[in-house]
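What follows is a short report on a single structure.
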Ligand SMILES: [Zn+2]
Ligand SMILES: [Zn+2]
């Protein structure tokens, strides 16, 4: 009727061809377009292509415009629209609106949705006794459920996921093909009749189940409530679960996992439960409840009923809310003795090995750790650990970017070559780039064993295939001993010659990569002052850097200043034993000052002598300018932490002690003179030791130390500004995970007129290195090619 009126009054008819790019597949986008077209009474079609969603609609131009505006305005909750391109053509007289079959094109790529937590509609069905999926642990729809971890290839269709193994029943099939249904083309769709199932085993084989379905869940709750440890298969891998309010269960888990102090993450039913043991701000609540469902670091309440054993020496707890239907079934309040305030949910692995994903694999490697296994038969194609994040200054600052985030890209404000950047050794994450997207991988882990290396290698192949990337540039860390570096060099050596002739291999300095990563995510390309503070990174002089002031852009960097080199006695041993760093720092101080320090009494005299000899003779002891090691040394001198059991422990415990009300710091004068400046830590150490001997509380000394570092950073930036005329400062490196330090450094810099940049989307630790490596390698190769071309032109002219 409306249509006829339009024609009658001479309104122009047209056909619009629209391409929508972004995360528009597997998020209910085509049914949404179908409904939107029907609402506007437009005819035509929609289809998924490897390029994005393509639509043709025809009708009166005014309605076409409303339709196009509606695409962005009314998009389904999980869609991320990057671009809507429309062109107008003469109408061809479509009679209806239909959803066409997918189209594939080999070289095109689409954005792939991360795994998303159960949506409110599915949650309602889960607990609705009248629903056919009542209490079904794998309930999902186009707005929620697993994605990245089950996708083998694109376009995202069921046969290319691990759901291919399940044949839909007639009811599910009906939903799947009905455009007005919430499960229209929901690839992981299933129900109790046709979909994946759970069962519980005691751990000898995968099929000796002693409970199935609902009974398995109930039994798991019972086992947990009596203090057992249960391995629970999730979305991106296994968790080891135990009751977070049961100290005995937690100690048992620590003992079996050989994890002495490293904090465990916990999961509670909802924010209301979390507020019983942590402070939750509005921003933190939003993150907890976000569809990504990360682990959020929250400040523990003084009266928290969660035992300190969950995160010893730490005033924060890593907390997440349930993200799968199965988690909800485990944590729901049934009013029985199995109800719990929180469950420990830690990665299902032995110390630093990759998280287990397969049923057989889990039984084998988690056998000694778990009393029972809650398994299911939906395969996990790609392992993906939980993400860790927090709120800083009202904004999110990611610490581990993994499930729920990967493989969503970081978007740059310029186009990139196709680059593979291999990342660092610890907290490895790699990336591939295409156009202006950087696809950062999920957390791969510490590259210290073959299992992690193989996860790294297969992950790279998967990303190359998913995003249709064939790298022309491969970026890697300078460190010759990194497994990722060895992998690249091996590739190059064994390297199919056609590969190496086409691919540029670019080594990148670790701290330059840190700063470039911070610049890239903040959209800064011009030269900047970079402050890179971390534990370990290979320097251009072969020493171990980590307290660096750089002036850099993407292509080049110059070292303007660094902490003065000290001996790292015994290399790796000094990282595990902060007291070795303390001895190294004290070595050059007058004995009148260091005499009488309790530290010296705590160390075995034989060991003390060995360390002194290592320092004196420089035996197996490289030099380091690491800021992380300075924190370690101070932590040990103060008696806070002499030996660590997880990375960063000494610095974290020192930070947790710092008295927030202390404003002043130690006098730490900077040397004037020629750049690069070596910053002598001696005055700082003297101040600390004087206070320690005078009986000043450790909390005050820790605070004054942090304040002195912040002050030193801003003073050094002033000296560099005088020389280079730069006033933008990027802060990066794992040391800046220290919020006490970060907060004070930022305020010092702002007070002195600098514009500081910090990380939000990617981690400031080594998990964010790959992004920096990629933009640096891209810039270097681009300039190299320009130079080669000009040489060629000159040569040709001669
Ligand atoms: Zn849903
Ligand atoms: Zn079914």
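Assorted remarks:
- Axis of helix 769-797 versus longest Cα principal axis of the chain: the two differ by about 90°, to the nearest ten degrees.
- Relative to the globular-protein estimate of 2.2 N^0.38 Å, the Cα radius of gyration of the stretch 171-299 stands at 1.33.
- Length added when fully stretched, residue 226-residue 304, from 0.36 nm per residue minus Cα-Cα: 26.0 nm
- Highest-first packing order for the peptide set 625-634, 773-782, 308-317 is 625-634, 773-782, 308-317, based on the mean count of other beta carbon atoms within 10 Å.
- Our note on the geometry: Cα centres of the stretch 213-256 and the stretch 622-674, 37 Å apart.
- Sorting 304, 458, 661, 636 from the fewest to the most surrounding beta carbons within 10 angstrom yields 661, 458, 304, 636.
- Estimated D of the stretch 517-623 in µm² per second, where Rh is the Kirkwood radius over Cα pairs and Stokes-Einstein applies at 10 °C, 1.306 mPa s: 100
- Using a cutoff of 8 angstrom between alpha carbon atoms and counting only pairs six or more residues apart, the relative contact order for the chain works out to 11 percent.
- The largest-to-smallest principal axis extents of the Cα set in the chain are 98, 84, 52 Å.
- With N as its number of residues, the stretch 68-168 has a Cα radius of gyration that, divided by 2.2 N^0.38 Å, comes to 1.37.
- A viscosity of 1.567 mPa s and a temperature of 4 °C, combined with the Kirkwood radius over C-alpha pairs in the Stokes-Einstein formula, give the stretch 661-775 a diffusion coefficient of 83 µm²/s.
- Counted over the chain, the DSSP beta bridges are approximately 70% antiparallel.
- Relative contact order (percent, whole number), the stretch 81-237, Cα cutoff 8 Å, 6+ residue spacing: 17
- Extents of the stretch 409-554, taken as max minus min of Cα coordinates on every principal axis and listed largest first, are 39, 33, 29 Å.
- The long axis of helix 627-637 is offset from the longest Cα principal axis of the chain by roughly 60 degrees.
- Scattering from the stretch 197-255 was approximated by placing one identical point on each alpha carbon and applying the Debye formula without solvent; log10 I(q)/I(0) at 0.12, 0.22, 0.25, 0.29 1/Å stands at -0.29, -0.92, -1.10, -1.24.
- Measuring nothing but how far apart in sequence close Cα pairs (under 8 Å, 6+ apart) lie, relative to its length, the stretch 206-264 scores a relative contact order of 20 percent.
- Degrees between helix 739-751 axis and first principal axis of the chain (Cα, 0 to 90, nearest 10): 90
- Panel order for 643, 27, by other beta carbons found within 10 Å of each beta carbon, from fewest to most: 643, 27.
- By other beta-carbon atoms within 10 Å, ranking 549, 408 with the fewest at the front produces 408, 549.
Only the coordinates and a few stated rules stand behind these numbers; no lab work does. Here the structure is a predicted model, which is why all the values come from computation and not from measurement. Reconstructed Cβ throughout: ideal geometry from the backbone, glycine too, with neighbour counts over all protein chains shown.
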